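First comes the structure, then the notes that go with it.
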Amino acid sequence: MDELAYSSRMVDWAPLGKLLLVMCLLIVGLITESIVVPMITFVIGILLMAYSTNMKIPLILSLAIGEAILIMIIGSGMISIMGDPNEPALWEGQILWFKIHMTATSFNKAWIIFIRAIAGVTLMLSFASSTPIPHLAQAFRSLHFPSEITELIVLIYRYAFLLLERFLVMIDAAQCRLGYNGSLTAMRSYGGAMAGTFIFSMEMAEKSEAALACRNYNGYFPIYRPPRKMSVMWPIVAIGSAVVLYVFGLYSVGWIDMQQIFAPLFGW
């Protein structure tokens, strides 16, 4: 993510401005009852990600996104089959101990929740993939967050790579010694690697504290190239976009009925 953020076209944008825009779009997508507004915010998130990264997403991040989408699909599916028993059923039955009672209301509700969730993922990824951690910490500092929190973010960012590298070295060492030959052996190998990483983290913390003290560390990491500050245009654009989408959502309620779209396919 860090390498992706520094190579982003949006890295020079004001971090607080990007965060304000994303939060405004997320909020308006959650409070509106129209399914059209979350669709619009989803498209905005996709366009921002495409502009930021040219959709060159690392494999591990793609797997994480796919897992999140799978969880959304399962959750939305559960919502769709838990309709009000007093309403006419589109589909009802029994699967194991689950009683299925899908109604038009629950089906449409599941779809709007799913689109809200996936729109939120794309918006937050567009922010995360274009904002390095030091820029985010500097933005929090400008908002007068407690210095302990902002410096802790920077410290974790600086030293997390060392712990990850140590953990991967232990995993490779165990693999060279057939440490994953069988499920029980693999669990022992992972447990040993995690325990070794924890011990290494304690040792590294002591050494790092002494090293920082020798360099006159007083609880503040200076940033010589601070990110751009938020201009007046950012609140105008972010809040204005949210207001426009909210008003549009009031008039677009019921424009898209997912139950009517899927009715010919399932014969409802």
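The values are calculated or read from the model by the stated rules, or taken from the named source; none is laboratory data. Source: prediction; values computed, not measured. So basically every Cβ, Gly included, is an ideal-geometry build from the backbone, and we count neighbours across all protein chains shown. All accessible areas refer to the heavy atoms of the entire protein, side chains included, with ligands and DNA or RNA removed. Shrake-Rupley method; radii C 1.70, N 1.55, O 1.52, S 1.80 Å.
Once you order the gyration tensor axes a ≥ b ≥ c over the Cα atoms, which shape class does the range 143-230 get: rounded for a/c under 1.5, otherwise prolate or oblate by comparing a/b with b/c? Prolate, since a/c reaches 1.5 and a/b exceeds b/c.
Pick from 185, 41, 150 the residue whose mean-square fluctuation is largest in a GNM of the chain, springs joining Cα atoms under 10 Å. Among 185, 41, 150, the largest mean-square fluctuation in the Gaussian network model of the chain belongs to 185. When the Gaussian network model of the chain links Cα atoms closer than 10 Å, the mean-square fluctuations of 90, 123, 48 top out at 90. With Cα atoms defining each centre, the range 1-21 and the range 134-181 are spaced 19 Å apart in the structure. On the range 79-123, 67 percent of the accessible area sits on carbon and sulfur atoms, based on a 1.4 Å probe.
Averaging sequence separations of C-alpha pairs under 8 Å and six or more residues apart, then dividing by the length of the range 112-268, give the relative contact order as a whole percent.
Numbers: 41 pairs, mean separation 33.0, N = 157.
Result for the range 112-268 is 21 percent.
What is the gain in length, in nm to one decimal, between residue 142 and residue 63 on full extension, counting 0.36 nm per residue of separation less the C-alpha to C-alpha distance?
Details: separation 79, 0.36 × 79 = 28.44 nm, distance 3.42 nm.
Stretched out fully, the residue 142 to residue 63 stretch lengthens by 25.0 nm.
Remark on residue 91: its backbone amide H falls under 5 Å from those of 102, a criterion applied only to residues 5 or more positions apart or on other chains, H modelled at 1.01 Å from N.
Return one number: the angle in degrees, 0 to 90 and rounded to the nearest 10, between the long axis of the Cα atoms of helix 15-31 and the longest principal axis of the Cα atoms of the chain. Once rounded, the angle reads 30 degrees.
Considering the zone a paramagnetic label at residue 231 would reach in this model (a point 7 Å from Cα along the Cα-to-Cβ line), which residues of the range 7-47 have amide N under 14 Å from it? Inside the label zone: 12-15, 17-18. Taken per residue, the accessible surface of the range 143-230 reaches 80 Å², heavy atoms only and a 1.4 Å probe. Which angle between 0 and 90 degrees, to the nearest 10, do you get for helix 36-53 versus the longest principal axis of the chain when only C-alpha atoms count? With rounding to tens, the tilt is 30 degrees.
Computed 3J(HN,Hα) for the range 164-169, one whole-Hz value per residue from the Karplus formula 6.51 cos²θ - 1.76 cosθ + 1.60 where θ = phi - 60°, is 4, 4, 5, 5, 5, 5, glycine and proline marked x. Restriction of the chymotrypsin sites (Phe, Trp or Tyr not before Pro) in the range 11-96 to DSSP coil positions whose beta-carbon has at most 16 other beta-carbons within 10 angstrom yields no sites. Its relative contact order, with pairs defined as Cα atoms under 8 Å and 6+ residues apart, puts the chain at 35 percent.
Using DSSP to define loop residues, name the chymotrypsin sites (Phe, Trp or Tyr not before Pro) in the range 156-225 whose beta-carbon has at most 10 other beta-carbon atoms within 10 Å. Numbers along the way, then the final one.
Numbers: sites: 157, 159, 161, 167, 180, 190, 198, 200, 217, 220, 224; in loops: 180, 217, 220, 224.
Passing sites in the range 156-225 are 224.
For the range 143-230, what relative contact order do you get, as a whole percent, if you take Cα pairs closer than 8 Å and at least 6 residues apart? It comes to 37 percent, rounded to a whole number.
Compute the angle between helix 59-80 and the longest alpha-carbon principal axis of the chain, please, reported from 0 to 90 degrees and rounded to the nearest 10. Compared with the principal axis, the helix lies near 30 degrees.
When the chain is treated as a Gaussian network with alpha carbon springs shorter than 10 Å, the biggest mean-square fluctuation among 113, 60, 46 belongs to 60. Got a number for carbon plus sulfur as a percent of the range 143-230's accessible area, 1.4 Å probe? The computed percentage sits at 64.
Quick check: residue separation of residue 124 and residue 51 times 0.36 nm, minus the Cα distance between them. What number comes out in nm? Provide the component values of the computation, followed by the final result.
Details: separation 73, 0.36 × 73 = 26.28 nm, distance 1.43 nm.
So the chain would gain 24.9 nm between residue 124 and residue 51.
Length available on full extension from residue 250 to residue 224: 0.36 nm per residue minus the Cα-Cα distance, which gives 4.7 nm.
Note on the range 48-88 and the range 226-261: Cα centroid distance 21 Å, given to the nearest whole angstrom.
The structure shown yields Rg and Dmax of the Cα atoms in Å, and of the options [x] 25.6, 79; [y] 24.1, 74; [z] 18.6, 62 that calculated value carries the label [y].
Distance between the pseudo-spin-label points of residue 213 and residue 260 (7 Å out from Cα toward the beta carbon): 7.2 nm.
Between residue 157 and residue 78, what is the FRET efficiency for a Förster distance of 22 Å, r being their Cβ-Cβ separation, to the nearest 0.05? Let's see the in-between values first.
Details: r = 37 Å, r/R0 = 1.67.
Efficiency, from the Cβ-Cβ distance: 0.05.
Which loop trypsin sites (Lys or Arg not before Pro) in the range 184-268, with loop taken from DSSP, have no more than 15 other Cβ atoms within 10 angstrom of their Cβ? Walk me through the numbers before you get to the answer.
Working: sites: 188, 207, 215, 228, 229; in loops: 215, 228, 229.
Sites meeting the loop and neighbour criteria: 215, 228, 229.
Would you mind counting up the charge near residue 33? Only other residues with Cβ under 12 Å from its Cβ, with Lys and Arg at +1 and Asp and Glu at -1.
Working: positive: 109, 116; negative: none.
Within the 12 Å Cβ shell, the charges total +2.
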